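Student: There's a structure below that I have some questions on.
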Amino acid sequence: MQKPPLSLEPVNDGVIRVVDAQAQHVGNLKLIGGQWKFKAVGYTVRGEVIPGGGPFTTQHNQVFERPDAHEVSARLTIAAGTGQTDQR
């Protein structure tokens, strides 16, 4: 099986960091009310966090049954309309 374009990095029992192929933090999966919700994250040129921003802003609050890198990658990148994470 091919490696998914997005990686998941556990932070704690209720938060998983979502990172793109360039090792850029693009959001988090948070366990809220028994559901995993994607929380998009962007950054300013000065490195300040923009909650709900970044390349996957339109997928902010998307719900997942479980934190699976293949499912998260497929749904976020297809929903972004690009099929990939490179948002240049």
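Student: Which residues, taken from the range 49-70, are under 15 Å from GLU9 (Cα atoms), not in a loop (DSSP other than H, G, I, E, B) and not hydrophobic (A, V, I, L, M, F, W, C)?
Tutor: Selection gives HIS70 alone.
Student: If I filter the range 72-86 down to residues being surrounded by 14 or more Cβ atoms within 10 Å (Cβ to Cβ) and not small (Gly, Ala, Ser), which single residue comes out as modelled with the lowest pLDDT?
Tutor: That would be THR85.
Student: Scan the range 17-32 and give yes if some residue there is in contact (Cβ under 8 Å) with a residue 24 or more places away in the chain, of a type in the set (Lys, Arg) and either assigned to a loop (DSSP other than H, G, I, E, B) or in contact with a strand residue (DSSP E or B) (Cβ under 9 Å, 6 or more places away or on another chain) (or both), otherwise no.
Tutor: There is no residue in the range 17-32 that is in contact (Cβ under 8 Å) with a residue 24 or more places away in the chain, of a type in the set (Lys, Arg) and either assigned to a loop (DSSP other than H, G, I, E, B) or in contact with a strand residue (DSSP E or B) (Cβ under 9 Å, 6 or more places away or on another chain) (or both).
Student: Next up: Read through the list (1) touching a helix residue (DSSP H, G or I) at 6+ places or on another chain (Cβ under 7 Å); (2) modelled with pLDDT of 95 or more; (3) assigned to a loop (DSSP other than H, G, I, E, B), then give the number of the only condition that ARG46 fails.
Tutor: (1)
The values are calculated or read from the model by the stated rules, or taken from the named source; none is laboratory data. What you see is a predicted model, and the numbers here were worked out from it, not measured in a lab. In this analysis, Cβ positions are derived from the backbone assuming ideal geometry, glycine residues included, and neighbour counts consider all displayed protein chains.
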